[in-house]
Amino acid sequence: MLLKLVPENTNFGFINLRKVAYLLSVLMIIGSFGLYFTKGLNFGIDFKGGFLIEAHTEKPADLALIRGLTGNLGLGDVSIQTFGKDNQILIRIEEHETMSLNEVVTLVQTTLQNGVDDVIIFQRTESVGGVVSGELIQSGIMSVLLAVGAVLFYIWIRFEWQFGLGAVIALVHDVILTIGMFSLTQLEFNLSIIAAILTIVGYSLNDTVVVYDRIRENLRKFRKKEMPDLINGSLNETLARTVMTSVTTLLALVALFYFGGEAIHGFTAAMIWGIFVGTYSSVFIASPVLLWFELRREEEESADGKEVMPEQFR
């Protein structure tokens with residue numbers, strides 16, 4: 001290989017650090033719950049309700065200029081992005097205490113027509129009420145729960161029940177810490193963040209399954225090896241792949257975070273954090289936690305008295 005981030009034949013004592021990792025994770029989870037119940041989340045328009053305006057320009061829209069003009073109107077949270085073509089604009093404004101939808105639309109329309117050289121045509125305006133916002137919150141929570149449930153079923157079928165519970169514990173750990181990060185930073189929490197959380201679930205699961213596959217292979221190869229040593233060896237064998245995947249993904253996400261624009265700022269921030277916690281949980285949570293459930297080789301005796309490997313490990 002032209003690039004090696006991790007040397008071959010590493011022998012880091014990941015299992016020996018599991019109690020420290022458990023303590024750290026418990027403290028971060030408690031902190032995340034504390035932040036959530038004290039500071040809460042900075043819900044975006046998707047969840048708080050507000051006004052939605054669709055418009056288009058004759059030329060590609062200058063989003064930076066439009067954001068600057070609308071941001072000075074004192075309307076609170078304003079989200080502007082393109083959809084479909086680069087001249088199609090979607091403007092979302094949080095619900096105003098004193099101004100109606102018509103008043104907000106008139107103010108925005110007058111400001112943009114006076115401040116932007118291009119012709120802006122407003123196509124559709126509507127109000128997103130609290131009922132719709134509540135339904136979106138429920139749908140977001142349900143989608144995350146269904147994803148975690150599907151993971152439990154998949155791992156349970158593919159491996160053993162210990163692996164399934166280990167993977168779910170790691171995924172719940174990642175989701176809680178991600179919500180805690182958004183509560184701490186007060187970044188806007190909108191529908192794109194729900195998509196980011198589901199993506200983090202998939203990334204963490206992929207990383208965990210790679211390690212689990214190696215553990216299962218080693219269960220067949222090293223029948224006399226102590227379980228902590230076997231799990232630790234499996235983690236070291238997959239470490240190069242884990243680090244390489246995380247670093248290359250982070251390179252792309254960091255570039256998107258700095259150069260991708262405000263519209264995907266929250267999504268990329270969630271993904272960057274998710275890569276860190278997903279990698280951490282795969283190494284220090286999902287694999288060591290198998291020892292809690294007493295993962296072991298359940299050997300059987302054949303007719304001639306010799307020990308044979310059970311069906312799931314053959």
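The values are calculated or read from the model by the stated rules, or taken from the named source; none is laboratory data. This one's a predicted model, so the numbers in the text were calculated from it and none came from an experiment. Cβ coordinates were reconstructed from backbone atoms using ideal geometry, including for glycine residues, and neighbour counts include every protein chain displayed. Quick note on the areas: whole protein, heavy atoms, side chains included, nothing else; ligands and nucleic acids left out. Shrake-Rupley method; radii C 1.70, N 1.55, O 1.52, S 1.80 Å.
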Theoretical gain in end-to-end length, residue 146 to residue 114 [0.36 nm per residue, Cα-Cα removed]: 6.7 nm
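Using a Förster distance of 35 Å, how high is the FRET efficiency between residue 10 and residue 186, based on the Cβ-Cβ distance and rounded to 0.05? Each step should come with its number before you reach the end.
On the way: r = 39 Å, r/R0 = 1.11.
Rounded to the nearest 0.05, the efficiency is 0.35.
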Protection-proxy order for peptides 189-201, 217-229, each taking the mean of Cβ atoms within 10 Å per residue, highest first: 189-201, 217-229
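Just the number please: accessible area per residue for the chain, 1.4 Å probe, all protein chains included, in Å².
Numbers: 16580 Å² over 314 residues.
Averaged over the residues of the chain, the accessible area is 53 Å².
Provide the gained length on full extension for the span residue 206 to residue 54, in nm with one decimal, where the gain is 0.36 nm per separating residue minus the Cα-Cα distance. Walk me through the numbers on the way to the answer.
Working: separation 152, 0.36 × 152 = 54.72 nm, distance 3.82 nm.
Here the segment from residue 206 to residue 54 would lengthen by 50.9 nm.
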Cα→Cβ-extended label distance, 7 Å offset, between residue 222 and residue 265, nm: 4.8 nm
Inter-site label distance for residue 98 and residue 24 at 7 Å from Cα along Cβ, in nm: 5.1 nm
Projected area averaged over orientations for the chain, convex hull of C-alpha atoms, nm²: 20.7 nm²
Cα→Cβ-extended label distance, 7 Å offset, between residue 247 and residue 126, nm: 4.8 nm
Span-rule helices in the chain, defined as complete DSSP H runs reaching 18 Å or more along the axis (Cα) with Kyte mean at least -0.5: 18-38, 101-115, 130-158, 161-185, 191-221, 239-259, 265-281
Tail fraction, Cα-Cα pairs, segment 172-270, threshold 22 Å, whole percent: 45 percent
Summed side-chain charge close to residue 69 - residues other than residue 69 whose Cβ falls under 13 Å, Lys, Arg +1, Asp, Glu -1: -2
The chain, accessible surface, carbon-and-sulfur percent (1.4 angstrom probe): 61 percent
